[in-house]
Every structure is written in structure tokens, then in C-alpha cells.
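Read the structure below first, then the notes.
The values are calculated or read from the model by the stated rules, or taken from the named source; none is laboratory data. All figures in this text were calculated on a predicted structure; none of them were measured in a lab. Here the Cβ positions follow ideal geometry from the backbone for every residue, glycine too, while neighbour counts run over all protein chains shown. Surface accessibility is based on the protein's heavy atoms, side chains included, excluding ligands, DNA and RNA. Shrake-Rupley method; radii C 1.70, N 1.55, O 1.52, S 1.80 Å.
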Amino acid sequence: MKTAAILTAGGKGTRLNTNVPKQFLEINGKPLLYFTIEKFQRCSSIDDIVLVVPDGHLNPDLQSSINDRVFPKLKKIVPGGKERYHSVFNGLNALEPDVNFVAIHDGVRPFIEPELIDQAVSMCKDWHAVIVAVPVKQTIKEAEADVVVRTLERIKLWEAQTPQIFDRELIFNAYQCWMENVGNLEITDDAMLVELSGHPVRIIEGSYSNLKITTPGDFEWAKYTLEGKRL
Ligand code: C5P
């Protein structure tokens, strides 16, 4: 059984107000993205890594990281698309034919623990669709035009993170169906497409520290936490 990771780093990262997309900002002389790749490189359950970068960022440094085998599991770097789901679909199309399971992870979540990835991949063999998530800590209101419609039942709410792990065929078919009939729905994670197909998605509880680096404050926190740790 072969499992590949697709690391999505195809966004332009404009929310940090930098010229460089956030996944390429450096910490200790290494792009933030490298800390994430390193976590997957260390997982015993992951065989291959496919990296998705913004179109035009297939630069010599990244290319030579494959040639120099900086990360021996990193097999391919492919260009991303306009929306995250385009980037994931490009990654899915780049998988080797013998891959059975795929773990899709945001390149800007460098704090994921390799042990949790291994546990989630193992669960996927029984459940076929597994997401890492944490219980919601706040009270969540549904609102329209700034007026509360209802308060959601917190005990039932989870905040979805990545990685999200799937049978390759299940996620590929869900994506292909979506790409052929793109509707008005905003696709905010990969599991949504599997849910739409009617297949159950199992949750494995993760950690609040698996932060998606989004704001300048998040990046400062990542810098503070990752500095001093070696790749
Ligand atoms: O924009 P957001 O923070 O939600 O992006 C989550 C991850 O998806 C990031 O690692 C980003 O680089 C990636 N992404 C992508 N292709 C896009 C948009 C985002 O691979 N078109």
C-alpha cells in the first residue's frame, strides 16, 4: 500500500502584505515550506511527496532540492491554479499510478506532528476518508447581515485542519465530479467534496498548535517557535 502527500503551496499569500508568498518567507535561512516538507519526510506512513507551488515559482532552488535529494520523498513539484481546489487537482493528477492513499496538507501548517499523520493514514485504511480537526472552543453564531440567526450547538462543532487523508480513487472521483460541474459553493476543504458524494468522513482529534500561518502575527509566532530548531 502506497501513500503520497500533496502539499499545497500554490497560493500567492497576499494577506501577509509581503512580495514573497508566505510559504516562501524564510526562518533560519529556510523557506517556511521546508519545515512542513520535513515533517512529511519523517513520516513512516508517507512514501512520496508532491509539492504544488504557484505557477512561475518552479525556481532552480526548488528544482535542485529534488536533484540534490534534500527531501528524498519529494518526487514532483507541480504548478498550482487560481483556487486551492485547482492546485489540489493538479497535485492529484501528478500522483504515481501505484499510489493508494493521499494525504492533502497545507504547506503553511509547519507544526503538524508526524505521529499524528501516521495515525491518520492508518485510520484511513478502514475509513477511506479521515480529517484532522479540533473541537471548537468558542461559541459560534450563524448570522445574516450582522443579525444572529441562531447559536450552533458547540458540542457538535469541530474546526477542520489538514492533513486530510483519502483513498486515492475516492478523492479523485470527488474532485473530477466537482471540476466538471463547478457550482456556487465555496470549497474550503477537500473533505467537503467527499461529504457531497455521500461518503462518511471520520475525524481524528489533532492539536490547536497545528496553526495555518495566515497573518503577520502567525508568522512571527512561527518564526519564534521554529528558530533554534534544526531542519
Ligand atoms: O489561502 P489559504 O491560507 O487558505 O491557503 C491554504 C494553503 O493552500 C496554502 O498553503 C496555500 O499556499 C495553498 N493554496 C494553493 N493554491 C491556491 C491557493 C492556496 O495551493 N490557489
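Values for this structure:
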read-out	value
Strands (runs of 3 or more DSSP E) lying entirely in the stretch 97-202 (those with 3 or more residues that are open to solvent by less than 90 Å² (accessible area, probe 1.4 Å) and among the polar types (S, T, N, Q))	158-167
Checking Val70 against (1) within 14 Å of the chain's Cα centre (by Cα); (2) open to solvent by 20 Å² or more (accessible area, probe 1.4 Å); (3) of a type in the set (A, V, I, L, M, F, W, C), the condition it does not meet	(1)
Answer from Gln63, Gln119, Gln41 - the residue that is more than 14 Å from the ligand (Cβ to nearest atom), in contact with a Lys or Arg (Cβ under 7 Å, 6 or more places away or on another chain) and of a type in the set (S, T, N, Q)	Gln41
In the stretch 4-26, residue nearest to the ligand (Cβ to nearest atom) [restricted to those that are β-branched (Val, Ile, Thr) and modelled with pLDDT of 75 or more]	Thr8
Residue in the stretch 33-55 that is open to solvent by less than 70 Å² (accessible area, probe 1.4 Å), modelled with pLDDT of 95 or more, closer than 30 Å to Glu180 by Cβ and charged (D, E, K, R) present	yes
Long-range neighbours under 7 Å by Cβ, at least six apart or interchain, first residue under 15 Å from Leu211 (Cα atoms) within the stretch 100-121, second open to solvent by 10 Å² or more (accessible area, probe 1.4 Å) and assigned to a strand (DSSP E or B)	Asp106/Thr8; Gly107/Thr8
Residue within the stretch 78-92 that is in contact with a helix residue (DSSP H, G or I) (Cβ under 9 Å, 6 or more places away or on another chain), surrounded by fewer than 21 Cβ atoms within 10 Å (Cβ to Cβ) and farther than 21 Å from Ala191 by Cβ present	yes
Contacts under 7 angstrom Cβ, first residue in the stretch 45-63 being in contact (Cβ under 8 Å) with a residue 60 or more places away in the chain and over 15 Å from Pro21 (Cα atoms), partner assigned to a strand (DSSP E or B) and within 16 Å of the ligand (Cβ to nearest atom), 6 or more apart	Ile46/Ala5; Ile46/Ala103
